[in-house]
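A quick write-up on the structure given underneath.
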Amino acid sequence: MTNQSHYCTTKDIGELFLGKPDELVLAFDQILQVTSQWEPNSVGASVHTIVFTSQKAWLIIKPMKSVLDVKFYYPEAIQSDRFHKVSFFSGKYAHHLRIQEVEQLDSEFFELLRIGYDYSLE
């Protein structure tokens, strides 16, 4: 008997936004538009999250009731007031940003995401 800690399923990204505020959809669309220019990069949905993958998964977005939980990993804790939470997980740090509106998606936000993306290529 296999002990599985999770399972994956293919889901339409749009399904994850059903019943969520339009502002979250707009924010996700902007994140997708900017990060789609970073290659290699593919996007897929699982049961509750949207996973961005380069050579490995580098960004996980979970649409919640009124926010997007945006998470990336890095080997060190990055200091920034932008983070909702930073936690150590499996030899690296998970950095969580909470997004409620498009206005939060400024150059600093995308610079932080780029750190996670570049780390995924190592």
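The values are calculated or read from the model by the stated rules, or taken from the named source; none is laboratory data. Fair warning: this is a prediction, and the values are worked out from it, not measured in the lab. Note that we place each Cβ from the backbone using ideal geometry, even for glycine, and neighbour counts take in every protein chain shown.
Of everything listed in (1) in contact with a Ser or Thr (Cβ under 9 Å, 6 or more places away or on another chain); (2) aliphatic (A, V, I, L, M); (3) closer than 19 Å to Asp118 by Cα, the single unmet condition for Ile78 is (1).
What's the total number of residues in the stretch 82-108 that are over 19 Å from Trp38 (Cβ atoms) and part of a strand (DSSP E or B)? Number of matching residues: 12. All conditions but one from (1) under 18 Å from Val43 (Cβ atoms); (2) among the aliphatic types (A, V, I, L, M); (3) surrounded by 15 or more Cβ atoms within 10 Å (Cβ to Cβ); (4) out of contact with any Leu (no Cβ under 7 Å at 6 or more places or on another chain) apply to Ala94; the one that does not is (1).
Scanning for something within 27 Å of Gly19 (Cβ to Cβ), in a helix (DSSP H, G or I) and within 14 Å of the chain's Cα centre (by Cα), does the stretch 109-122 turn up at least one residue?
Of the stretch 109-122, the ones within 27 Å of Gly19 (Cβ to Cβ) are 109, 113.
After this cut, where a residue has to be in a helix (DSSP H, G or I) as well, the list is 109, 113.
Right, trim to within 14 Å of the chain's Cα centre (by Cα) and you get 109, 113.
Within the stretch 109-122, one or more residues are within 27 Å of Gly19 (Cβ to Cβ), in a helix (DSSP H, G or I) and within 14 Å of the chain's Cα centre (by Cα).
Are any residues in the stretch 28-51 touching a residue at least 24 places away in the same chain (Cβ under 8 Å), of a type outside the set (Val, Ile, Thr) and within 24 Å of Tyr93 (Cα to Cα), and if so, which ones?
Restricting attention to the stretch 28-51, the residues satisfying the condition of being touching a residue at least 24 places away in the same chain (Cβ under 8 Å) are 28, 30-31, 34-35, 38, 41, 43-50.
Of the ones still in play, those that are also of a type outside the set (Val, Ile, Thr) are 28, 30, 38, 41, 44-46, 48.
Matches in the stretch 28-51: Phe28, Trp38, Asn41, Gly44, Ala45, Ser46, His48.
Scoring Ser66 on the criteria (1) free of Cβ contacts under 8 Å to residues at least 40 places away in the same chain; (2) polar (S, T, N, Q); (3) surrounded by fewer than 16 Cβ atoms within 10 Å (Cβ to Cβ) leaves a single failure, condition (1). Checking the structure you have, find out if any residue of the stretch 78-89 is touching a Phe, Trp or Tyr at 6+ places or on another chain (Cβ under 9 Å) and at pLDDT below 95. Yes, the stretch 78-89 contains at least one residue that is touching a Phe, Trp or Tyr at 6+ places or on another chain (Cβ under 9 Å) and at pLDDT below 95.
As a summary of the residue check, Leu32 satisfies the conditions (1) modelled with pLDDT of 95 or more; (2) exposed (fewer than 12 other Cβ atoms within 10 Å of the Cβ) except for the one numbered (2).
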